[in-house]
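The values are calculated or read from the model by the stated rules, or taken from the named source; none is laboratory data. Worth saying up front: this structure is predicted, and the values here are computed from it rather than measured. Using ideal geometry, Cβ is built from the backbone for each residue, glycine included, and neighbour counts are taken over all protein chains shown.
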Amino acid sequence: MKILVSWLREYVDVPGTPEDIARTMSVRGFAVEGIEPAGDGDAVIDFEITANRPDCMSVVGMAREIATAYGLQVRRPAVRGRDTSSPVDPTAKPSLSLASLQPGGEDDVSITIESPDLCPRYAGALADVTVGPSPAWMQERLAAAGVRPISNIVDVTNYVLLELGQPMHAFDLSRLSGGRIVVRQARAGERLVTLDGQDRELTAGMLVIADATQPVAVAGVMGGAASEVHAGTTTILLESAYFHPLSVRRTSKKLGLKTEASMRFERGCDPRLPVTAMERACALLEMTGAGRARGTVVDCYPTRVEPTSLRLRRSRVAGVLGAELHDSDVRRILDSLGFALRDAEDGWDVTVPTRRVDVVREIDLIEEVARHYGLDNLPVAFPPVSIASAGFDPRARRARQLRNVLTGLGFSEAVTFGFISEAAAAPFAAEGDPVPIANPLSETFAVLRPSALPGLIDAVAHNRRRQVRDIRLFEIGAEFGRTSGERRTIACAWTGAATAEHWGGGARDVDFFDMKGVAEVICQALGLSPRVETVTRPWLVPGRAAALIVGDREVGVVGQLSPTIADRHGVPANEAVYVTTIALDTAEALVPAGDVQVESLPRFPSIVRDVSILVDDTLAAGTIRETVRTTAPTLLESVREFDRYQGKGIPEGKVSLSFHLTFRSAERTLTDADVQPAMDAVLGALRDRHAAVQR
């Protein structure tokens with residue numbers, strides 16, 4: 001909101017330089033984007049107004065805030081009658097006055113509101129005008145605020161918008177069929193050419209201003225070209241209304257049309273301002289010699305908007321701000337901002353002006369007091385803690401643990417969008433499962449992601465395009481589905497080298513077993529020991545895909561990403577990308593209940609026995625390990641495969657597997673006599689279940 005300092009000073013005698021004003025207001029919540037010189041010692045201050053303060057999108061609104069900050073009074077426009085005997089001086093700047101219109105009977109405009117829920121108030125007045133350029137001082141003020149001067153009539157409406165914050169519009173009365181206004185919703189098939197020359201299709205639910213036959217303006221957004229004021233216009237109908245913010249916001253978004261008027265209406269204008277703004281516009285027409293109003297301001301107000309009342313407690317003010325404020329300070333600040341206070345038990349009953357759409361709770365009133373009392377005047381102290389803090393979410397602790405594990409494995413965390421395109425989601429979701437976005441920003445963000453992998457693969461491609469070859473990424477986030485709802489997951493992607501280059505030998509590219517090891521480390525960190533089973537997934541290479549199973553539940557999948565999908569995301573198809581996903585909600589539900597058990601370091605040495613067996617080459621090593629674990633006594637500490645061989649000396653269809661079996665006792669040093677029965681039991685089970693032959 002760009003405002004001339006001289007314009008502000010017509011409403012409040014603010015002292016100091018523009019820089020002083022900017023500093024004073026910045027500590028009261030108004031960011032200043034810049035200060036520009038404007039000639040004759042004047043300056044333009046560009047205030048950044050947040051969306052919750054539409055009352056400050058005007059000179060009067062900012063003057064009210066500045067007056068409160070400096071402890072001054074705001075000069076308000078006073079109603080005066082029209083003096084038809086005195087000559088008009090169009091070069092004189094306007095006095096702070098309103099026009100008092102006299103009854104005119106047949107000169108009144110006919111207004112009908114068919115949608116009072118969307119337009120609670122609509123005011124109109126007629127004026128005889130002579131269209132021409134506006135005075136230089138008005139053009140300068142509009143230009144300083146970033147508004148292009150057009151003609152004296154249009155400039156007056158824009159001037160009132162900037163001065164009071166009330167959008168207005170002027171219609172050429174001769175171009176209104178029937179000379180009447182109907183505020184209604186658009187009908188199917190209706191169209192309107194707006195002032196920007198665009199032919200726009202109107203849909204049901206859009207509020208329009210119509211004459212007797214057709215729409216002539218989109219309510220709260222933009223007028224129509226057919227009824228605009230032109231050089232030959234002699235009589236205008238001035239509009240000043242209050243439209244429901246949600247209605248204007250929806251219409252503006254559907255039409256892709258944002259204007260100075262829509263920005264104010266969709267945030268919330270003051271429903272008590274339209275008539276005041278109308279009288280101000282009529283006074284400006286007379287002062288500038290642009291025209292003279294006739295008749296009365298016709299004020300249709302079928303749905304009155306009453307101010308709300310809030311209770312403000314002294315104890316609550318002191319509790320929030322940490323200081324006992326004098327009643328006089330509270331009353332002075334709120335009175336200056338336009339709030340009405342009545343004494344009540346332990347505080348005040350405060351009537352909130354209708355322009356303050358941001359004040360809906362007691363804490364909002366306390367914020368107003370704190371802003372203008374000065375946050376730097378409040379004591380710096382922590383309030384006493386009366387209740388215990390909430391416990392730490394175990395899921396957050398688990399996520400932090402997994403981050404430590406994966407960064408320790410050389411992975412970097414990625415954070416990708418939860419919205420992806422339908423094409424990217426299709427391979428990872430069951431048919432009809434992706435959740436569509438009702439109002440996507442673009443086709444790229446059309447659905448909620450059914451898997452974190454598409455975004456992770458895009459991140460891999462992003463790094464590859466920047467000549468990074470060895471990439472390890474992970475993400476902990478949410479996935480979504482129509483049937484499964486929201487679920488937490490951890491996803492990893494790995495491409496490039498598995499090991500760093502060394503003078504003793506070259507680097508080795510990552511393979512399936514590297515990513516399988518990462519998945520197993522994640523499960524181990526979660527307290528699970530999954531078994532691995534072959535599976536098929538449309539997004540993984542057949543034969544290089546496996547599921548992680550705990551009990552009878554699948555907790556994750558690991559494998560090589562399909563080259564077709566990799567290429568679609570921008571990763572060269574000849575570069576293998578290995579991925580894994582683990583369902584955290586499912587995995588955590590399978591973690592054994594109970595406290596964490598802490599064991600001391602082993603006091604006694606272990607005994608390691610190696611065993612090599614011949615089995616069918618279709619038998620998974622994980623199945624053999626599971627047989628060993630379930631057969632061996634509690635003395636077995638670990639079992640690890642260290643060799644796999646096929647070739648000379650090995651029968652067709654067979655494979656040689658070698659395992660390290662580690663035995664240890666927590667009570668004594670083991671002997672061969674202790675270990676041999678366990679080895680015999682393991683070998684017997686392997687023979688019986690898998691027809692294994694010891695080599």
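Every residue in the range 476-505 that is more than 19 Å from ILE565 (Cβ to Cβ) and assigned to a loop (DSSP other than H, G, I, E, B), please. Matches in the range 476-505: ARG482, THR483, SER484, ALA498, THR499, ALA500, GLU501, TRP503, GLY504.
Might you check whether a residue that is of a type in the set (Ser, Thr, Tyr) and over 21 Å from ARG689 (Cβ atoms) occurs anywhere in the range 619-635? So far as the range 619-635 goes, no, none of its residues is of a type in the set (Ser, Thr, Tyr) and over 21 Å from ARG689 (Cβ atoms).
Listed conditions (1) surrounded by fewer than 17 Cβ atoms within 10 Å (Cβ to Cβ); (2) more than 32 Å from the chain's Cα centre (by Cα) are all met by CYS300, apart from (1).
Pairing each residue of the range 576-587 that is outside the structural domain of ASP470 (by TED's automatic domain parsing) and modelled with pLDDT of 95 or more with any residue that is in a helix (DSSP H, G or I) and surrounded by 20 or more Cβ atoms within 10 Å (Cβ to Cβ), provided the two are 6+ apart or on different chains, yields no C-beta distance under 7 Å.
Look at the range 131-147 and say how many of its residues are closer than 12 Å to ASN158 by Cβ and either in the same structural domain as ASP40 (by TED's automatic domain parsing) or not basic (Lys, Arg) (or both).
8
Against the criterion of being touching a residue at least 40 places away in the same chain (Cβ under 8 Å), hydrophobic (A, V, I, L, M, F, W, C), surrounded by 14 or more Cβ atoms within 10 Å (Cβ to Cβ) and under 30 Å from ASP509 (Cα atoms), ALA491 qualifies.
Tallying residues that are part of a strand (DSSP E or B), of a type in the set (Gly, Ala, Ser) and more than 43 Å from the chain's Cα centre (by Cα) within the range 576-628 yields 1.
Only residues that are without any contact (Cβ under 8 Å) to a residue 60 or more places away in the chain and either surrounded by 13 or more Cβ atoms within 10 Å (Cβ to Cβ) or under 16 Å from ILE363 (Cα atoms) (or both): list them for the range 328-343, please.
At the first step, the residues of the range 328-343 found to be without any contact (Cβ under 8 Å) to a residue 60 or more places away in the chain are 328-331, 334-335, 339-343.
Correct list: ASP329, VAL330, ARG331, LEU334, PHE339, ALA340, LEU341.
Of all residues being surrounded by fewer than 19 Cβ atoms within 10 Å (Cβ to Cβ) and in contact with a Gly (Cβ under 8 Å, 6 or more places away or on another chain) in the range 196-221, which is nearest to ILE111 (Cα to Cα)? Just the residue, please. Restricting to residues being surrounded by fewer than 19 Cβ atoms within 10 Å (Cβ to Cβ) and in contact with a Gly (Cβ under 8 Å, 6 or more places away or on another chain), the top hit is ALA212. The criterion of being under 15 Å from VAL558 (Cα atoms) and either aliphatic (A, V, I, L, M) or surrounded by fewer than 18 Cβ atoms within 10 Å (Cβ to Cβ) (or both) holds for VAL518. For LEU207, the requirement of being of a type in the set (A, V, I, L, M), in contact with a helix residue (DSSP H, G or I) (Cβ under 7 Å, 6 or more places away or on another chain) and closer than 16 Å to ALA125 by Cβ is not met.
Taking the numbered list (1) more than 28 Å from ALA498 (Cα to Cα); (2) among the charged types (D, E, K, R); (3) at pLDDT 90 or above in turn, ARG544 passes all entries but (1). When the range 1-31 is limited to residues that are over 35 Å from the mean Cα position of the chain (by Cα) and not in a helix (DSSP H, G or I), the one that is surrounded by the fewest Cβ atoms within 10 Å (Cβ to Cβ) turns out to be PRO15.
When you scan the range 638-651, do you find a residue that is assigned to a strand (DSSP E or B), at pLDDT below 90 and among the β-branched types (Val, Ile, Thr), even just one? Yes, the range 638-651 contains at least one residue that is assigned to a strand (DSSP E or B), at pLDDT below 90 and among the β-branched types (Val, Ile, Thr).
Based on what the data block shows, is LEU670 surrounded by 14 or more Cβ atoms within 10 Å (Cβ to Cβ), under 18 Å from ALA685 (Cα atoms) and either of a type outside the set (A, V, I, L, M, F, W, C) or in contact (Cβ under 8 Å) with a residue 12 or more places away in the chain (or both)? Walk me through how you get there before you give the answer.
Numbers: surrounded by 14 or more Cβ atoms within 10 Å (Cβ to Cβ): yes; under 18 Å from ALA685 (Cα atoms): no; either of a type outside the set (A, V, I, L, M, F, W, C) or in contact (Cβ under 8 Å) with a residue 12 or more places away in the chain (or both): yes.
Against the criterion (surrounded by 14 or more Cβ atoms within 10 Å (Cβ to Cβ), under 18 Å from ALA685 (Cα atoms) and either of a type outside the set (A, V, I, L, M, F, W, C) or in contact (Cβ under 8 Å) with a residue 12 or more places away in the chain (or both)), LEU670 does not qualify.
In this structure, does ALA217 turn out to be assigned by TED's automatic domain parsing to the domain that holds ARG249 and modelled with pLDDT of 95 or more? Answer is yes for this residue. Considering ASP89, ASP117, ASP83, ASP107, the condition of being surrounded by 11 or more Cβ atoms within 10 Å (Cβ to Cβ) and modelled with pLDDT under 55 is satisfied by ASP89 alone.
Scanning the range 282-327 for residues that are aliphatic (A, V, I, L, M) and assigned to a strand (DSSP E or B) yields ALA293, VAL297, VAL298, LEU310, LEU312.
In the range 212-221, which residues are under 15 Å from ARG250 (Cβ atoms) and in a strand (DSSP E or B)? Across the range 212-221, the qualifying residue is only VAL218.
Would you say PRO542 is in contact with a helix residue (DSSP H, G or I) (Cβ under 7 Å, 6 or more places away or on another chain) and over 24 Å from LEU402 (Cα atoms)? Here the answer is no, as PRO542 does not meet what is asked.
Results for (1) among the aliphatic types (A, V, I, L, M); (2) over 30 Å from ALA136 (Cβ atoms); (3) free of Cβ contacts under 8 Å to residues at least 40 places away in the same chain; (4) in contact with a Lys or Arg (Cβ under 9 Å, 6 or more places away or on another chain), shown as yes or no for each residue.
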position: ARG148; (1), (2), (3), (4): no, no, yes, no
position: PRO167; (1), (2), (3), (4): no, no, no, yes
position: LEU173; (1), (2), (3), (4): yes, no, no, no
position: THR203; (1), (2), (3), (4): no, yes, no, yes
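With respect to (1) in contact with a Leu (Cβ under 8 Å, 6 or more places away or on another chain); (2) in contact (Cβ under 8 Å) with a residue 40 or more places away in the chain, the lone exception for ALA620 is condition (1). Report the residue count in the range 492-544 for those that are more than 20 Å from ALA461 (Cβ to Cβ) and aromatic (Phe, Trp, Tyr). Qualifying residue count, the range 492-544: 3.
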